Amino acid sequence: MNKIPVILDGDPGHDDAIAWVFAKASPLLDILAVVSVSGNQTIEKTTINARRICALLGIDAPIARGAVRPMTADPFTAGNWHGESGLDGPAMPEPDQELSLLPAVDLMAEVIRESAEPVIIISTGPQTNVGELLTAHPEVKDKIRLISIMGGGITHGNWVPGAEFNILEDPEAAWIEFHSGIPIHMCGLDVTEKAIIRPDDFPRIRAVGNQVADIVAGWLEFFYKYPMAIGYEGAPVHDPCAVLSITHPEIFRIERYYVDIELEGEYTRGATVADFKGVLGKEPNAACSVEIDRDRYVDLLIEALHYYDGREVPIG
Ligand code: BDR
Ligand code: CA
């Protein structure tokens, strides 16, 4: 069976990093490119993190630096969740490959054009790179099979009551994406806040006993502290849902809605508004994951980590 060609687009970020752990370990996916975006931290920090994660996991696809800031909005970062580096916690290997000379949108367009099969973009940060790609290279649209995102929430937000961090960071880019006609799979907070990894799962992760598992456990030991302090039962590990929606759709409950992006609104800018009752009479543009089998999620993480048995890279 042919593997599904994918582009990983994210702002790592602990949960972006764990999403990429799943993606590299999956026998179903072929990673064509990795692109960074500003979000959890500045573009300098998310880009170095992306390069270090690729070195750790053995992802040998080209890596490009993405958008420095949202398309029109003012940027903000999430150091409270991800720390000063954007990926605080265990020491990481140094990058083992140079950045692509192309900006992210041009690398994305190039690999999509050259791919024999339509490509899935897995986007786990602000949607800026996707918005800019569709604006600068509209001709590649027909070769994008699906955009699988972590973003939004059809019932609630996190950064503000009505909006989730990734969409709030760049609502204009998300608007372009949701109006593009490209199928969207949306993992919003509805599902990702149920994708909790709890401190009592950490010993199982460490017991896998390889270097990647140790680092993932270290990331989680850092990443769970802030959400626990504000009332979560552990770490909501959001971003892997955007990968698992492709590789393991059976662990989710998925509902199809027409979803639009609020660009105005004192309290609602960046909201993903789902037409639950179909009052607009529009065809659904998004398949929304709303429930997850959490225990299976943790089992799948353990399975994915065993892919890295025997892989060891120098740290520091
Ligand atoms: C999203 O925001 C980021 O902090 C996480 O990496 C995730 O993509 C959750 O709102
Ligand atoms: Ca992210």
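Some observations on this one:
- Check on Gly209, of a type in the set (Gly, Ala, Ser), closer than 17 Å to Thr155 by Cα and outside any helix (DSSP H, G or I): no
- Candidate set: segment 42-64, residues that are part of a helix (DSSP H, G or I) and not aliphatic (A, V, I, L, M); chosen: the one surrounded by the most Cβ atoms within 10 Å (Cβ to Cβ): Thr46
- Breaking point among (1) open to solvent by 40 Å² or more (accessible area, probe 1.4 Å); (2) part of a helix (DSSP H, G or I); (3) of a type outside the set (Asp, Glu), for Gly131: (1)
- All of (1) open to solvent by less than 10 Å² (accessible area, probe 1.4 Å); (2) away from ligand 1 (no atom under 15 Å from the Cβ) hold for Val68 with one exception: (1).
- Filtered residues of segment 179-190 (kept if in a helix (DSSP H, G or I) and open to solvent by less than 10 Å² (accessible area, probe 1.4 Å)): Leu189
- Residue satisfying all of: in segment 12-41; more than 17 Å from Pro62 (Cα to Cα) and more than 14 Å from ligand 2 (Cβ to nearest atom); most open to solvent (accessible area, probe 1.4 Å) among these: Pro27
- Residue pairs whose Cβ atoms lie under 7 Å apart, sitting 6 or more positions apart in sequence or on different chains, and linking a residue in segment 181-195 that is within 14 Å of ligand 2 (Cβ to nearest atom) to a partner that is among the basic types (Lys, Arg), are Ala195/Arg294.
- No other residue among Glu266, Glu312, Glu250, Glu303 is open to solvent by 20 Å² or more (accessible area, probe 1.4 Å), part of a helix (DSSP H, G or I) and farther than 21 Å from Glu193 by Cα apart from Glu303.
- Residues that are open to solvent by less than 20 Å² (accessible area, probe 1.4 Å) and not in a loop (DSSP other than H, G, I, E, B), drawn from segment 191-203: Val191, Thr192, Ile196, Ile197, Asp201, Phe202
- Residue check, Asn80 among the polar types (S, T, N, Q) and modelled with pLDDT of 95 or more: no
- In this structure, Thr77 does not qualify as in a loop (DSSP other than H, G, I, E, B), of a type in the set (S, T, N, Q) and surrounded by fewer than 17 Cβ atoms within 10 Å (Cβ to Cβ).
- Residue in segment 157-177 that is away from ligand 1 (no atom under 16 Å from the Cβ), open to solvent by less than 40 Å² (accessible area, probe 1.4 Å) and farther than 19 Å from Trp20 by Cα present: no
- Annotation: of all residues in segment 130-156 being within 14 Å of ligand 1 (Cβ to nearest atom) and in contact with a Pro (Cβ under 9 Å, 6 or more places away or on another chain), the one that is farthest from Phe252 (Cα to Cα) is Gly151.
- Residues being within 16 Å of ligand 1 (Cβ to nearest atom) and of a type in the set (Lys, Arg) - total across segment 1-51: 1
- Candidates Arg269, Arg294 - the one that is among the charged types (D, E, K, R) and under 20 Å from the mean Cα position of the chain (by Cα): Arg294
- Residue count for segment 236-247 satisfying the condition of being within 16 Å of ligand 2 (Cβ to nearest atom), over 19 Å from Phe178 (Cβ atoms) and outside any loop (DSSP other than H, G, I, E, B): 4.
The values are calculated or read from the model by the stated rules, or taken from the named source; none is laboratory data. Because the structure is a prediction, the values reported are computed rather than measured. Cβ: placed from backbone, ideal geometry, glycine included. Neighbour counts: every protein chain shown. To get the accessible areas, we keep the full protein, side chains included, count just its heavy atoms, and leave off ligands, DNA and RNA. Shrake-Rupley method; radii C 1.70, N 1.55, O 1.52, S 1.80 Å.
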